[in-house]
Amino acid sequence: MELAYIPSPSQGVVHLGPIPLRGYAFCIIIGVFVAVWLGNKRWIARGGRAGTVADIAVWAVPFGLVGGRLYHVITDYELYFSDGRDWVDAFKVWQGGLGIWGAIALGALGAWIGARRRGVPMPAYADAVAPGIAFAQAIGRWGNWFNQELYGRETHVPWALHITSSTDGRVPGYYHPTFLYESLWCVGVGFLVLWADRRFTLGHGRAFALYVAAYCVGRGWIEYMRVDDAHHILGLRLNDWTAMAVFLAAVVCIWVSAKKRPGREAQVERGMPEGEEAAETAAEPSDEAGDKVPAPAKAEAGTGSAEAAQDTAAKKTAPDGGGTETGDADAAGADEAGVKDEAGSAK
């Protein structure tokens, strides 16, 4: 008898009247919102406009869903097109089956289209959303838990996953929770990219390439633990070979980018200040003509205006014999008027 294990949900869908609420879909939706929210914060910090990340995501997310499903159907075609299978099931995304490799590849194509429409450099956008994508994957993997799928070898560790379903060839028992391993790994990848980006000022696509390389390392050993049906090449699962190839491509991308374009983009969106100037411009006060005026100068100008106002008030309230220039002028005017009156009387 097992004293501790991770229970599987009794069902992955709850019906709200005629509307099915699926745990798998909710995990993906929540992950997308987290990725867009964090990507937007990072984009603004780099000098971009608020809302640009969401506008481009409108292109990237649908492309990513289609790409993820295509990769899964192509690499596991026997699940949909072999004898006794219904090819219509290939369109039932809610039942699970999204390949991350296809999702990232076609999602990047959608992001590229959206970025071109906004005049945004694609590498800078990819760097901004990279850690958010990792966190989105961490959340999305819990959708596999709702569907009782993609678990590892049989085990009796305290954190074993208890599979209770016997549909689609499942054998009830206790297995390694590979969905949990990958979820935790993706959280670590997200924080790694955040730290490295802050520490080394990554730019020109290197933060995104770091995310890809780090994810592939974890996906390699996690994929090796899985026991679900998959195509094998030279004793390794297809996804293991894919992870190795993509890892090498990401490392080469980091090396080439660092050599050719060190540093980070000075400007990520047209019409916006470059780099750190965005924050400085927003903090600088302006005079009535719209010119920037340093804060100390404004303070001095304010002090001078106050002193002038006090002098004017003193002059107005001073008595005629007070020795002020205004009093002397008034007296001189009065004397001149008296002389003219006397001359007029003599005439």
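Where a number appears in this text, it was derived from the coordinates with a stated rule and is not lab data. As the structure is a computational prediction, the values presented were derived from the model and not from experiment. As a convention, Cβ positions derive from the backbone with ideal geometry for all residues, glycine included, and neighbour counts pool all protein chains shown.
Using only the alpha carbons of the stretch 180-222, determine the length spanned along each of the three principal axes and report them from longest to shortest in whole angstroms.
Principal axes ranked by extent give 30, 14, 9 Å for the Cα atoms.
Suppose each label sits 7 Å from its Cα in the direction of the beta carbon; what would the VAL252-THR201 distance come out to in nanometres?
Going by the 7 Å Cα→Cβ label model, 2.9 nm.
Could you tell me what a quarter of the Cα convex hull surface of the stretch 32-79 works out to, in nm² with one decimal place?
One quarter of the hull surface, i.e. the mean projection, equals 3.9 nm².
Please compute P(r) over all alpha-carbon pairs of the stretch 40-184, binned at 5 Å starting from zero, and give each bin as a whole-number percent.
2, 9, 15, 17, 16, 14, 11, 8, 6, 3, 1, 0
Hey, what's the Cα Rg ratio for the stretch 1-82 versus the globular rule of thumb, 2.2 N^0.38 Å? Please report the intermediate quantities before stating the final value.
Working: Rg = 18.5 Å, N = 82, 2.2 N^0.38 = 11.7 Å.
With N residues counted in the stretch 1-82, Rg over 2.2 N^0.38 Å equals 1.58.
First obtain the Kirkwood hydrodynamic radius of the stretch 174-265 from its Cα pairs, then insert it into the Stokes-Einstein equation at 20 °C and 1.002 mPa s, and state the resulting D in µm² per second as a whole number.
Details: Rh = 14.4 Å.
Translational diffusion coefficient: 149 µm²/s.
For the stretch 121-188, what class follows from the C-alpha gyration tensor (a ≥ b ≥ c being the square roots of its eigenvalues): rounded when a/c is under 1.5, otherwise prolate if a/b is larger than b/c, else oblate?
The shape class here is prolate.
Filter the trypsin sites (Lys or Arg not before Pro) in the stretch 155-221 to those in DSSP coil with at most 15 other Cβ atoms within 10 Å of their Cβ, and list the result.
Numbers: sites: ARG170, ARG198, ARG199, ARG206, ARG219; in loops: ARG170.
Here the sparse-neighbourhood loop sites are ARG170.
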